[in-house]
Each structure stands twice: as C-alpha cells, then as structure tokens.
1. How many percent of the accessible area of the range 167-241 is carbon or sulfur, using a 1.4 Å probe?
2. Mind grabbing the accessible area of Ile17 for me, 1.4 Å probe, Å², rounded to tens?
3. When each pair of different Cα atoms in the chain is counted once in the 1/r mean, what is the Kirkwood radius in angstroms, to one decimal?
4. Test of understanding: what is the full-extension gain from Val20 to Val144, defined as 0.36 nm times their sequence separation minus their Cα-Cα distance?
5. Answer with one residue from Met116, Ala96, Leu150: the one whose Cα lies farthest towards the positive end of the charge dipole of the range 1-155, charges on Cβ with Lys, Arg +1 and Asp, Glu -1.
6. For n ≥ 4 DSSP H runs only, could you compute -39500 (n - 2.57) per run for the chain, divide by its residues and tell me the 222 nm figure to the nearest 500?
7. Positive end of the charge dipole of the range 193-241 (Lys, Arg +1 and Asp, Glu -1 on Cβ, about the Cα centre): tell me which of Ala195, Pro228, Thr240 has its Cα farthest that way.
8. Does anything in the range 216-236 have its amide N under 13 Å from the 7 Å Cα→Cβ label point of Ser40, and if so which residues?
Amino acid sequence: IDTEFEGGRHGKRVEKIAKVEEKYMIRRNMEMDERVTVISHPLIQHKLAIIRDKNTGSKEFRELLSEVAMLMCYEVTRNFQLEDVEIETPICKMNAKMLTGKKVAIVPILRAGLGMVDGMLKLVPAAKVGHIGLYRDPETLKPVEYYCKLPTDIEEREVIITDPMLATGGSAADAITLLKKKGARNIKLMCLIAAPEGVKAVREAHPDVDIFVANIDEKLNDHGYIVPGLGDAGDRIFGTK
Ligand code: PRP
Ligand code: URA
C-alpha cells in the first residue's frame, strides 16, 4: 500500500488497516505453524485468569504458576519416546511401555523462569536443572547475560527452557543461542504468555525450536510489556518492585 500517495487522513487509515492486516497475518501464520502449540486446556486457562488478576498476591501467583507449569509439562513431553519393557503384575508377565530413558534438562531463564521449575520436576523428577541469567535492559529492552550454569552433558539432553513471559523474544532467542553454543541440540521453549512479536522473533531466529504457550496475547505496549499480560512476572513471583 502506497501510504504516501494516499496522503492525509485517508492515508493514515490505510496505514492502520495495513498494520491490522499484518498482525492478522502474523497470528494466522502462528496458528498454522506446527511448531507453535497453544495449550488451551480449561484447567490451564482458568488458573491463568487468576494469575493475570492484579489482585492475586505472590503466594497464590507462585502456586498457580507452578501448577500450570506441571499441566503444560504434560503436553510438552507428549512426543517422548517409549519402549517395551517386560514387567510382572501380581497376575502375570506383560510388555509394558516405559520412557526410553532420554535425559531431560529444565533450563529456567532467571529470575521468572524459576517459578515453573518445581511444577515440571513433579512430572519429570529425574531431570537436571540448568540456569541462564538474563535481564532485560529497561531502556534498550535487549537481554543482558549475567549467569550460565548447565548440566555438563547438555548435548545429550532434551532441553526445556522455561520463562513465563515471551515478550520481544530477545531473552528467549539469546538463551537458545547460548544453549546451542554449549552443544544443546533438542530444545523446546515453554512460556506462559507470549506476544505475537516474541513468537515471530524466536521462530525466525530458531526455526528448529518448538514453542509451547498457554496463550498468545494481543500485543506489546511501548515499554515492551505484554498486553493484557500479567505485569512483571519476576516481581509478581518474588514480591519485588
Ligand atoms: C522478563 C521475563 C523474560 C523477559 C521477556 O524477565 O521473565 O525473561 O523479561 O522479555 P523479552 O521477550 O522482551 O526478552 P526480566 O528481564 O524482567 O527479568 P526478571 O525475570 O529477573 O524479572
Ligand atoms: N517481562 C515481563 O515480566 N512481563 C512482560 O509483560 C514483558 C516482559
């Protein structure tokens, strides 16, 4: 659309429509993208509504985030391989199915990603936990790395990165780059809420990574916060400001 040619108020309207169409296309592409999964289970959506509420305090926020992470983990691990194992029930022998023993690493992005670890460990108790410390510079919105400690055999592990918020996507994309540099090959990203911009950025930077979210919200505001979102996840988990 040639907005300059259109000129004046009419031109502005055309520009606005073009932006809405672009957003619509981004969302449509995401909905058709097999590597982006929105886990819309009623229990998750119900708990997410309470998490979002500004009147929900830190204790309840933490408990619910942990519960949602556990429920999401069920879906994130859906493609884990099974093998036949002979067991004996009190009645007879049988071939049962068990996990092949593929090793898992849960890697929270500090701080807020920590809030999802306990819930996941309830379902995958043998997983090792790595940590990546990133904070978003409030001016540039660019992630700044301050810590990285990963299991030594990270290249053999199925890695699940946790972070409740996928906003511009900068933190998640950098964390994935860092993990790849350290040798990780099978990486999934699990977030509570994403902005369309964040999903697009991570998909473009890392097309091999599956993304799991409980919801893709409307947009980012001028400060890089997800709208409607839930505010600052780290502050709400840890009661800071
Ligand atoms: C938040 C959030 C993500 C990041 C998302 O962390 O937990 O890590 O911002 O934003 P992005 O997609 O635009 O990079 P924050 O930097 O506030 O640090 P914190 O978890 O220590 O509060
Ligand atoms: N980080 C948060 O904690 N919340 C947002 O909405 C965006 C980034």
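The values are calculated or read from the model by the stated rules, or taken from the named source; none is laboratory data. Just so it is clear, the model here is predicted, and its values are computed rather than measured. In this analysis, Cβ positions are derived from the backbone assuming ideal geometry, glycine residues included, and neighbour counts consider all displayed protein chains. Please note that ligands, DNA and RNA were not included when accessible areas were found on the heavy atoms of the full protein model with its side chains. Shrake-Rupley method; radii C 1.70, N 1.55, O 1.52, S 1.80 Å.
1. 50
2. Ile17 exposes around 90 Å² with every protein chain in place.
3. 19.3
4. 41.5 nm
5. Met116
6. Mean residue ellipticity at 222 nm (helix-derived): -12000 deg cm²/dmol.
7. It is Thr240, whose Cα lies furthest towards the positive end.
8. Those under the cut-off are 216-217.
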